[in-house]
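Enquirer: This is the structure I have questions about; it appears just below.
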Amino acid sequence: RKEVEQDPGPFNVPEGATVAFNCTYSNSASQSFFWYRQDCRKEPKLLMSVYSSGNEDGRFTAQLNRASQYISLLIRDSKLSDSATYLCAVNMKGGSQGNLIFGKGTKLSVKP
Amino acid sequence: DAGVIQSPRHEVTEMGQEVTLRCKPISGHDYLFWYRQTMMRGLELLIYFNNNVPIDDSGMPEDRFSAKMPNASFSTLKIQPSEPRDSAVYFCASSLKPGFGYTFGSGTRLTVV
């Protein structure tokens, strides 16, 4: 099993749609989880952290399922500007130590 | 804050040449990370530093790769000699702590011909 796995997509959705991505991780001791957004030929940018209690920021909701070892990102009311690749990142060494391992990303394309 | 600053933005070099990539982290960030991104392998961690000390270099692919952090505001990643398979985008990132999110630089797009 790979350390961090994502469906590469692409997810092609119309404007206004709700879309969800999942990301599975292999290390049950992992404590830190993040979603990043990467636009074409740009650097990844932190979108949001994922807390045990879930996290919501406007149209974006991130959740953690420890039992099944995955995190999710829900985007409501999709905008054209949401088109990007979404990377999940997991701290694999547990606690606050170690480094982040990134998934390869899920590509989202929002169409008019 | 200017963010994480990398240079050069683009580098085209011939196989066998030495390549040096540079990074200035965000002031006050104690952790610095070097990643490489390709379509096939995604973002791979090469090495990271804590307070200028290398902590984990297990991701450095070969002895041809070396990284240094002589002070808190500067790091280099060197490839000598370079090979075509080294072509990728190299990102530097910094963080207050590993459990915090990282801030990435704009990256260096390296092409080895």
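Read-outs: derived from the displayed coordinates by stated rules, not from any lab. This one's a predicted model, so the numbers in the text were calculated from it and none came from an experiment. Backbone-built Cβ (ideal geometry, glycine too); neighbour counts: all protein chains shown.
Enquirer: At 7 Å along Cα-to-Cβ for each site, give me the label-to-label distance between B:LYS68 and A:SER28 in nm.
Expert: Spacing of the two 7 Å Cα→Cβ label points: 4.5 nm.
Enquirer: Right, here's the next one. What percent of all Cα-Cα pairs in region B:46-113 falls into each 5 Å bin, going from 0 up to the bin containing the maximum distance?
Expert: P(r) for region B:46-113, in whole percents per bin: 4, 14, 24, 28, 18, 9, 3, 0.
Enquirer: Another question about this same structure. Using alpha carbon centroids, what distance separates region B:62-113 and region B:22-41, in Å?
Expert: 6 Å
Enquirer: Taking 7 Å along the Cα-to-C-beta vector as the label spot, tell me the A:ALA17-B:VAL12 distance in nanometres, rounded to one decimal.
Expert: 3.8 nm
Enquirer: Once both labels are modelled 7 Å past Cα along the beta-carbon direction, what's the B:LYS78-A:LYS2 spacing in nm?
Expert: 3.4 nm
Enquirer: Can I ask one more? Compute the FRET efficiency between B:LYS97 and B:MET39 as 1/(1 + (r/R0)^6), taking r as their Cβ-Cβ distance and R0 = 25 Å, and round to the nearest 0.05. Intermediate values should be presented prior to the final figure.
Expert: Working: r = 30 Å, r/R0 = 1.22.
Plugging the Cβ-Cβ distance into 1/(1 + (r/R0)^6) gives 0.25.
Enquirer: Give the shape of region A:23-76 as rounded, prolate or oblate, defined through the alpha-carbon gyration tensor: a ≥ b ≥ c are the square roots of its eigenvalues, a/c under 1.5 means rounded, and otherwise the shape is prolate if a/b is larger than b/c and oblate if not.
Expert: On the way: a/c = 2.27, a/b = 1.41, b/c = 1.61.
Oblate.
Enquirer: Next question. Lone cysteines in chain A, defined as no other cysteine's Cβ under 4.7 Å from theirs: which are they?
Expert: Cysteines lacking a close Cβ partner in chain A: A:CYS40.
Enquirer: Follow-up. Would you kindly compute the Cα radius of gyration of chain A and its largest Cα-Cα separation (Dmax), both in Å?
Expert: Rg and Dmax of chain A, Cα atoms, are 13.5, 43 Å.
Enquirer: Moving on to the next point. Return the FRET efficiency for the residue pair B:ARG22, A:ARG41: r is the Cβ-Cβ distance, R0 is 25 Å, and the value is rounded to the nearest 0.05. Mind dumping the intermediate values first?
Expert: Working: r = 20 Å, r/R0 = 0.79.
The calculated FRET efficiency here is 0.80.
Enquirer: Among B:HIS29, B:HIS10, what is the fewest-to-most ranking by other Cβ atoms within 10 Å?
Expert: Going from sparsest to densest Cβ surroundings: B:HIS10, B:HIS29.
Enquirer: May I pose another question? Antiparallel DSSP bridges in chain B: what percent, to the nearest 5? Let's see the in-between values first.
Expert: Details: 36 of 40 bridges.
Among the beta bridges of chain B, antiparallel pairing accounts for roughly 90 percent.
Enquirer: In a Gaussian network model over chain B where Cα atoms closer than 10 Å are linked, find which of B:GLY99, B:GLY59, B:GLY16 has the largest mean-square fluctuation.
Expert: B:GLY99
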